[in-house]
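Working notes for the structure below.
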Amino acid sequence: MVVWAILVCLSAVLLPGAPNEPEAPVVPGEHVLLGAPSEPEAPVVPDEHVLPGALNEPEALVVLGEHVLPGAPNEPEAPGVPAPPEDQFTAFREARMSLPVKCEPAILVAVGDIMLSRGVADRISEHGDTGLPFAKVKGLLKAGDIVFGNLECPLTPGRAIDIREMVLRADPEMADALAGAGFTLLSLANNHMGDFGPSGVLDTLGYLDEAGISWVGAGPDARSAYAPRMVEVRGLRFAFLAFTDPEIAPPSYQAGEDTPGTASFSTVRAAQTTHADHTTSTGHSAHATEQERAEMLAAIRDARLAADFVVVSLHAGTEYAEEPDAFQVESARAAIDAGADLVIGHHPHVAQRVERYRDRYILYSLGNFIFDQWWSRETRQGVIARITIGQEGVERIEFVPVLINRDAQPEVLKGLEASEVLSRLDLNLSELAVGSLYDPDPEDVTSARYAYLDLATGGAALSRLVKERSFDLDQDGVVERVALRDGRLTVETASTLIWETPETWWVDDFALGDANNDGVVDVSLSVWKSGSFGPCRPFWVAEDDPSVRNHLFIFKLVDGAMKPVWQSSNLDSPNYELEVVDLDGDGRTELLVLEGDYDNPQFRQMSIWKWNDWGFFRVSEPLHCTLD
């Protein structure tokens, strides 16, 4: 199984040679209205709806790249005699239609410990804003289909909690704040959920229910606490379970046959490990029973039978330890052996390594996400994991390092400190092509995003993507459905087809988002077509390129029709996946692209692009590797 990793960085400098920068002025021309699906080069119609400052001439940009796709679609039929463009595209489309169908993968965003009491509650009160802790990473959270974390405090009315206390409680209105930040599912299996007794547990369940957030790992009784939370996304059926080490919480915190509480777990300890290793700061130590271990493993096995993908959250380990302890490792591996596909750990309050075990992944600790442990750098640092999951399992895991500021807000980390946090994930980095880039100005360090790709399940294999999104694109109160199947993209309402891409295009992927930061959600497309230019070829280009190449096209819905905002010429590197997301929390989106190579189908790299009022420029020079 081949894996690779890359570290890409944001900067504010336009790197020379950016593929989408025109080499010379573009010849003005009239605009083609791309409203008729079967007439890609329809009669010229003036277009008054395109954005100010955008390149309004469809496909009127500089020709880039000299490569042809290996294997036939854009190779000449005979030496020196290129095939007609329509024949090249027909061959290209036939090759694409022979690829296997791939349903769109689901995105799971996971964070570490979320504590909204004590000092965090003080900051919220000072600012009068329950959404304060989430403000700088909300964009990253909302990009997930499932957004998951460990809620390290009950939500229940009560007194203020002093910074020196070891019991935790957050106000009930924080349930709505968590929902507003994007959280869809929370683990309650931890050593603080029972701090305010059974009533505090029941209050938490009720307030989360009212806010529309699912919960797992606790319940009104043991049956509910040990039950999986089933979630269906993108045609995949997920089962989530959560358990806490019984030796880090009083026995009264655990759910009973008729009493509220949390689900606990245990495995057979290594001979040299004693229960004293897991004594809490209050001096409590509880022996796990054989029955508790059997219930945990049985719950995972049952979930395995009912789900396509099983996620287990384990609250365990030694606080503030850089490495997972023996019991933590043993417990996580036991969960995998019982049928878990992914294990996500909490409790150590610092980021720990990631392990691949039996072709499954264990994230031992994501560190703190929101906490008031400002007394050390390590306890202020954490990691947001963005996990792409397809029919065959985990395709990609991306890690965004964060630092909790003095207002209890996680912020995306910069430069060297980001690399330091990411290095704790280990991931056999000595065997992988990993590096970092920084601005020429050493004072202006860049933010980082790290991706670990498992190419056996997702990486380089081409496929026919099936994907669907629903959104009110023109904000008229009617939701549009944007769907991709067999290379054709359609935009429709419940009763009307608004637009379909021309038959002479093949669309690999699309993304909804405000790609040009004008406040309007656009549709960004990765398009393959013959010819770099339409009717507005620049004067310095003698002949159009008839080969089938990849393009980035951006459209928006205006007055019931899809209008071009920006259309590139041939791209130097084909785009296989697109995502519009605010990576650095500055309120402006970036275009995150998984790129390939025309000549090498095994090549992948991740690039970040940003709109600059007339087009896109690359804000990161990507690191990449060629796969064996």
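Please tell me if Gly458 is touching a helix residue (DSSP H, G or I) at 6+ places or on another chain (Cβ under 7 Å) and either over 20 Å from Ala561 (Cα atoms) or modelled with pLDDT of 95 or more (or both).
Values: touching a helix residue (DSSP H, G or I) at 6+ places or on another chain (Cβ under 7 Å): no; either over 20 Å from Ala561 (Cα atoms) or modelled with pLDDT of 95 or more (or both): yes.
It is false that Gly458 is touching a helix residue (DSSP H, G or I) at 6+ places or on another chain (Cβ under 7 Å) and either over 20 Å from Ala561 (Cα atoms) or modelled with pLDDT of 95 or more (or both).
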Check segment 180-194 and report whether any residue there is farther than 25 Å from Val383 by Cβ, part of a loop (DSSP other than H, G, I, E, B) and hydrophobic (A, V, I, L, M, F, W, C). no
Against the conditions (1) part of a loop (DSSP other than H, G, I, E, B); (2) under 25 Å from the mean Cα position of the chain (by Cα); (3) crowded, with 23+ Cβ neighbours inside 10 Å, where does Ser532 fall short? Just the number, please. (2)
Looking at segment 107-141, which of its residues are in contact (Cβ under 8 Å) with a residue 40 or more places away in the chain, among the hydroxyl-bearing types (Ser, Thr, Tyr) and open to solvent by 10 Å² or more (accessible area, probe 1.4 Å)? Thr130
Evaluate the following for Thr504: is it in a loop (DSSP other than H, G, I, E, B), in contact with a Pro (Cβ under 6 Å, 6 or more places away or on another chain) and either open to solvent by 50 Å² or more (accessible area, probe 1.4 Å) or modelled with pLDDT under 50 (or both)? yes
If a residue has to be under 20 Å from Pro154 (Cα atoms), hydrophobic (A, V, I, L, M, F, W, C) and under 27 Å from the mean Cα position of the chain (by Cα) to count, how many in segment 206-239 make the cut? 7
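Only one residue in Val402, Val394 is among the β-branched types (Val, Ile, Thr), in contact with a Phe, Trp or Tyr (Cβ under 9 Å, 6 or more places away or on another chain), closer than 22 Å to Cys153 by Cα and in a strand (DSSP E or B), so which one is that? Please lay out each step first, then the result.
Working: Val394 fails: closer than 22 Å to Cys153 by Cα.
Criteria check complete, one pass: Val402.
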Which listed residue, of Ala340, Ala334, Ala385, is crowded, with 20+ Cβ neighbours inside 10 Å, in a helix (DSSP H, G or I) and at negative phi: Ala334
I'd like to know if segment 142-156 contains one or more residues that are modelled with pLDDT of 95 or more, within 23 Å of Ile344 (Cα to Cα), small (Gly, Ala, Ser) and open to solvent by 10 Å² or more (accessible area, probe 1.4 Å). no
Segment 535-553, subset in contact (Cβ under 8 Å) with a residue 60 or more places away in the chain and among the aliphatic types (A, V, I, L, M), residue surrounded by the most Cβ atoms within 10 Å (Cβ to Cβ): Val548
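Can you say whether Tyr598 is of a type in the set (Ser, Thr, Tyr) and either surrounded by fewer than 21 Cβ atoms within 10 Å (Cβ to Cβ) or assigned to a strand (DSSP E or B) (or both), as far as the supplied structure shows?
Values: of a type in the set (Ser, Thr, Tyr): yes; either surrounded by fewer than 21 Cβ atoms within 10 Å (Cβ to Cβ) or assigned to a strand (DSSP E or B) (or both): no.
Taking the combined requirement at face value, the residue does not satisfy it.
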If you go through segment 195-228, how many residues are open to solvent by less than 40 Å² (accessible area, probe 1.4 Å), closer than 22 Å to Val312 by Cβ and either modelled with pLDDT under 95 or in a helix (DSSP H, G or I) (or both)? 8
Under 8 Å between Cβ atoms, at least 6 apart or on separate chains: pull out the pairs that start in segment 415-429 with a residue that is modelled with pLDDT of 80 or more and end on any residue that is of a type in the set (D, E, K, R). Arg424/Glu322; Arg424/Arg353; Leu425/Arg353; Asp426/Arg353; Asp426/Glu355
Restricting to segment 243-253, what's the tally of residues that are under 18 Å from Ser331 (Cα atoms), in contact with a Gly (Cβ under 8 Å, 6 or more places away or on another chain) and not in a loop (DSSP other than H, G, I, E, B)? 2
Would you mind stating whether Tyr364 is without any contact (Cβ under 8 Å) to a residue 40 or more places away in the chain and either touching a Pro at 6+ places or on another chain (Cβ under 8 Å) or of a type in the set (Phe, Trp, Tyr) (or both)? no
Restricting the search to segment 229-242, which residues are touching an Asp or Glu at 6+ places or on another chain (Cβ under 6 Å) and either part of a loop (DSSP other than H, G, I, E, B) or over 24 Å from Leu342 (Cβ atoms) (or both)? Arg234
Note on segment 554-572: residues part of a loop (DSSP other than H, G, I, E, B) and open to solvent by less than 30 Å² (accessible area, probe 1.4 Å) are Ser568, Ser569, Asn570, Leu571
Quick one: Arg164 ticks every box in (1) under 30 Å from Arg485 (Cα atoms); (2) not in a strand (DSSP E or B) except a single one, so which number is it? (1)
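Could we say that Arg301 is basic (Lys, Arg), closer than 25 Å to Val233 by Cα and modelled with pLDDT of 95 or more here?
Values: basic (Lys, Arg): yes; closer than 25 Å to Val233 by Cα: yes; modelled with pLDDT of 95 or more: yes.
Here the answer is yes, as Arg301 does meet what is asked.
The values are calculated or read from the model by the stated rules, or taken from the named source; none is laboratory data. These figures come from a predicted structure and were not determined experimentally. A quick note on method: Cβ atoms are made from the backbone with ideal geometry, for glycine too, and the neighbour counts reach across all protein chains shown. Surface areas here come from the heavy atoms of the whole protein model, side chains and all, with no ligands, DNA or RNA. Shrake-Rupley method; radii C 1.70, N 1.55, O 1.52, S 1.80 Å.
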